[in-house]
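*Asks:* Quick one: the structure is below, questions incoming.
The values are calculated or read from the model by the stated rules, or taken from the named source; none is laboratory data. Keep in mind that what you see is a predicted model, and the values were worked out from it rather than measured. Ideal geometry is used to build each Cβ from the backbone, glycine not excepted, and the neighbour counts take in all protein chains shown.
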Amino acid sequence: MWCAANTMKQARQVFGEAVSLRNRNAELKGLIQQSGREPALALYVPSTGCKLAPLSRDTGTTEGLVSSFAILDELHLARDTRLWTILKYGSKTRKQPLLIGITTAGSSAGGTTPAWAEHEFATRLLDGIVQDDEFFPVIYAIDEADDYKLPQNWRKANPSCGPVSEGYLFDVDTLQKEFDETESKPSARGDFIRFSCNRWSNESEDPAIELAKWDACSIVPLFKHPDPVKLRAEAIERLKGRLCFGGVDLAPKLDLSALVLLFPPRDSTERWEILEYFWIPADNIEPRVKRDHVAYDIWRDQGFLVTTPGNLTDPRYIADQIVELSNYFDIREIAFDSAWSSELIRMLSEANFPMSKFVDHPQTHQKMNICCNEFMRKVLRKEFIHSANPCMRWQINNLRWNTQKGTGFIRPDRGSKRQKIDGPASLMMALSRAISPDNRPKPSFFVVTSA
């Protein structure tokens, strides 16, 4: 049995509670032996061989362990699934194993951390979308519609809050003091909402667009837990033959490549619909999953990410797929950055794809500023509609603005090298061509003469 955490210091805090319980109870002290002093190394029962010990991810290899019971504290701090997976699969030879995950709300809402994945599954289960009789979620948090400023809502996220005289750990005055600090210190507001109201937040600094605003453009509200695979299939069928504009961002060698098609509304009842295509070298999937902690393998299996042969970007493979798409959709133009996509354009030319449909669109501040601002306006006004593509959603979460000094012009940027934004950049280039004066409907002129 294990008291686990991402660091040994945290694991020992959890384990220390078990040691204290044993030491305060004479009967337990007689049954359970302690190994080690200051710190205790393990608790064990000689008659059964059962042992409870601390375990952490930073202690080196943990593979091969066997677990009848494990409790993993502060799951939101885990950046990969390694420890959680080892504890989960280390119990498969036991008849009635139990794995408990405890965590406060994390700062990776909409991300790819294991805690967010478990939280999403828990909410889907509680909402009746999925069923799993062996998974028991308990979430203490204020609801999305709740006002975090109202004390009556705080109890939802704090079951230990109440009169201390009645055995509760702290009273509402404690939370009131924390809240009062947010009124005079706005920077503490996010911490209060996350730690005291248990509402997940986004750790992104200066995000280009709030993820919730992007989610609000989904064709089916995300709180209804739509199936993105089904939504994508329906969109492809619905948009067949429709006029659209594309933006392509080709990876130089190893990264993601993207083509985003943007379908303008045909009348005032429609919105701008988005359809994304992503490619990645097949041999890079597994190393990237381990290194970047991103669900590339899951997106590949779901059809959101197409693998190209080998370990380098294969522009010919992508060119062939673009030709196929041009037979399915009415692609008016495709914007591209010649600095990275010249080889792709050459191969499309060899495939007799009309070169007149390609428009060079460098991703400079001057060329991207208008479409970046228009992108923000359309998201905020819900003029876009999308199918909740998880790969695109992750990239929207990575998006930042790079602001040019002097002019204030902006272009897409990212927080780190491992955060990809190929999809959003392609969308903005497609939008740039769609709203270009060159592609606006030409007015009709009539000359009226009299005899």
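*Asks:* Of all the residues that make up segment 97-137, how many are acidic (D, E) and farther than 14 Å from W200 by Cα?
*Replies:* 4
*Asks:* Then there is this: Does segment 260-281 contain any residue that is surrounded by fewer than 22 Cβ atoms within 10 Å (Cβ to Cβ), modelled with pLDDT under 95 and either under 21 Å from the mean Cα position of the chain (by Cα) or within 23 Å of T113 (Cβ to Cβ) (or both)?
*Replies:* There is no residue in segment 260-281 that is surrounded by fewer than 22 Cβ atoms within 10 Å (Cβ to Cβ), modelled with pLDDT under 95 and either under 21 Å from the mean Cα position of the chain (by Cα) or within 23 Å of T113 (Cβ to Cβ) (or both).
*Asks:* From (1) surrounded by 14 or more Cβ atoms within 10 Å (Cβ to Cβ); (2) more than 18 Å from the chain's Cα centre (by Cα); (3) among the charged types (D, E, K, R), pick out the condition that doesn't hold for E286.
*Replies:* Checking E286 against (1) surrounded by 14 or more Cβ atoms within 10 Å (Cβ to Cβ); (2) more than 18 Å from the chain's Cα centre (by Cα); (3) among the charged types (D, E, K, R), the one that fails is (1).
*Asks:* Under 7 Å by Cβ, and 6 or more places apart or on different chains, what pairs join a residue from segment 87-113 that is on the phi > 0 side of the Ramachandran plot with one that is of a type outside the set (V, I, T) and modelled with pLDDT of 85 or more?
*Replies:* G110/L211; G110/R393; G110/N397
*Asks:* Looking at K88, K9, K29, can you tell me which residue is in a helix (DSSP H, G or I) and closer than 19 Å to H293 by Cβ?
*Replies:* Matching residue, one of K88, K9, K29: K88.
*Asks:* Starting from segment 308-333, keep only residues that are over 19 Å from S356 (Cα atoms), then list their pairs with residues that are among the β-branched types (V, I, T) whose Cβ atoms are within a distance under 6 Å, requiring at least 6 positions of separation or different chains.
*Replies:* Correct list of pairs: D314/T308; Y317/T308.
*Asks:* Kindly provide the set of residues from segment 12-26 that are more than 22 Å from D80 (Cα to Cα) and assigned to a helix (DSSP H, G or I), ordered by number.
*Replies:* Scanning segment 12-26 gives F15, G16, E17, A18, V19, S20, L21, R22, N23, R24, A26.
*Asks:* With touching a Gly at 6+ places or on another chain (Cβ under 6 Å), surrounded by 14 or more Cβ atoms within 10 Å (Cβ to Cβ) and more than 30 Å from W116 (Cα to Cα) as the only criterion, which of I331, I322 stands out?
*Replies:* Of I331, I322, the one residue that is touching a Gly at 6+ places or on another chain (Cβ under 6 Å), surrounded by 14 or more Cβ atoms within 10 Å (Cβ to Cβ) and more than 30 Å from W116 (Cα to Cα) is I331.
*Asks:* Collect the residues in segment 156-191 that are of a type outside the set (D, E, K, R), surrounded by 11 or more Cβ atoms within 10 Å (Cβ to Cβ) and at pLDDT below 90, keeping them in residue-number order.
*Replies:* Residues satisfying the conditions are T182, A188, G190.
*Asks:* Criterion first (of a type in the set (D, E), touching a Phe, Trp or Tyr at 6+ places or on another chain (Cβ under 7 Å) and closer than 15 Å to H386 by Cα) does E273 satisfy it?
*Replies:* So E273 fits the description; yes.
Residue by residue, here is whether (1) within 30 Å of K224 (Cα to Cα); (2) aliphatic (A, V, I, L, M); (3) assigned to a helix (DSSP H, G or I); (4) in contact (Cβ under 8 Å) with a residue 12 or more places away in the chain holds:
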| position | (1), (2), (3), (4) |
| --- | --- |
| E120 | yes, no, yes, no |
| T123 | yes, no, yes, yes |
| D143 | yes, no, no, yes |
| K149 | yes, no, no, yes |
| L175 | no, yes, yes, yes |
| T182 | no, no, yes, no |
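*Asks:* Related question: Collect the residues in segment 371-390 that are surrounded by fewer than 16 Cβ atoms within 10 Å (Cβ to Cβ) and in contact with a helix residue (DSSP H, G or I) (Cβ under 7 Å, 6 or more places away or on another chain), keeping them in residue-number order.
*Replies:* L380
*Asks:* Identify, by number, the condition in (1) more than 38 Å from the chain's Cα centre (by Cα); (2) surrounded by 17 or more Cβ atoms within 10 Å (Cβ to Cβ); (3) assigned to a strand (DSSP E or B) that A40 doesn't meet.
*Replies:* Failed condition: (3).
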